[in-house]
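Student: Below is a structure I'd like to ask you about.
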Amino acid sequence: MSPPPPPASLPPPLEGAAVAQLSPHEQPNPEYRELYQAYRDAYGSIDGLRGALDGPVRTLNGTDAWIGPESRTWGGQLDTQRAALRKAADQILWDIYNRLAATQRTAVRV
């Protein structure tokens, strides 16, 4: 699974002059603004989560301090967990992206 498109691929929340152009029955959707901000924040920091286990993998593979069958078993489990973490990070982004893409930028004024 690959990460979704960057936040700039979606229209930003309405503000400024764009708000003034809305009909009297419309207003910017606060849910869209919140989701857009959450997506932008998550997208900007997801690499830290995706790479959280890279250091331990480098350490394990870069030294001869621990070798043998137990080391290989533990290293295999670490690689499996690293792949699962990366997949989960991408899924988090896709979940926010899909929700944001399905949310209207405007809401009916009440």
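The values are calculated or read from the model by the stated rules, or taken from the named source; none is laboratory data. Fair warning: this is a prediction, and the values are worked out from it, not measured in the lab. All Cβ positions, glycine included, derive from the backbone under ideal geometry; neighbour counts span all protein chains shown. Protein only, heavy atoms only, side chains kept; ligands, DNA and RNA dropped before computing areas. Shrake-Rupley method; radii C 1.70, N 1.55, O 1.52, S 1.80 Å.
Student: Counting only protein heavy atoms and a 1.4 Å probe, tell me what percentage of region 48-101's accessible area is made up of carbon and sulfur.
Tutor: So the carbon and sulfur contribution to the accessible surface is 55 percent.
Student: Here is a follow-up. Please find the FRET efficiency linking Leu22 to Asn98, where r is the Cβ-Cβ separation and R0 is fixed at 22 Å, and quote it to the nearest 0.05.
Tutor: Here the calculated transfer efficiency is 0.30.
Student: Treating only the Cβ of Lys, Arg, Asp and Glu as charged (+1, +1, -1, -1), what charge dipole size does the chain show about its Cα centre? Round to the nearest 20 debye.
Tutor: 140
Student: Here is a follow-up. Using Cα-Cα distances under 8 Å and only pairs 6 or more residues apart, what relative contact order does region 16-110 have, in percent?
Tutor: 59
Student: Determine the per residue accessible area of the chain with all protein chains present and a 1.4 angstrom probe, expressed in square angstrom.
Tutor: That works out to 66 Å² for each residue.
Student: All other residues with a Cβ under 13 Å from the Cβ of Leu10 taken together, and with Lys, Arg as +1 and Asp, Glu as -1, what is their net charge?
Tutor: +4
Student: Still on this model: How far, in nm, would the chain grow between Gln91 and Asp79 when pulled straight, counting 0.36 nm per residue and subtracting the alpha carbon separation?
Tutor: Answer, rounded to one decimal: 2.5 nm.
Student: Let me ask you something else. Amide H neighbours of Thr106 under 5 Å, at least 5 residues apart or on other chains, H built in the peptide plane: list them.
Tutor: Asn29
Student: Test of understanding: what is the full-extension gain from Asn61 to Asp47, defined as 0.36 nm times their sequence separation minus their Cα-Cα distance?
Tutor: Contour length minus Cα-Cα distance gives 2.9 nm.
Student: For n ≥ 4 DSSP H runs only, could you compute -39500 (n - 2.57) per run for the chain, divide by its residues and tell me the 222 nm figure to the nearest 500?
Tutor: So the calculated ellipticity at 222 nm is -20500 deg cm²/dmol.
Student: Using alpha carbons only, how many angstrom separate the centre of region 63-95 from the centre of region 1-53?
Tutor: Their Cα centres are 31 Å away from one another.
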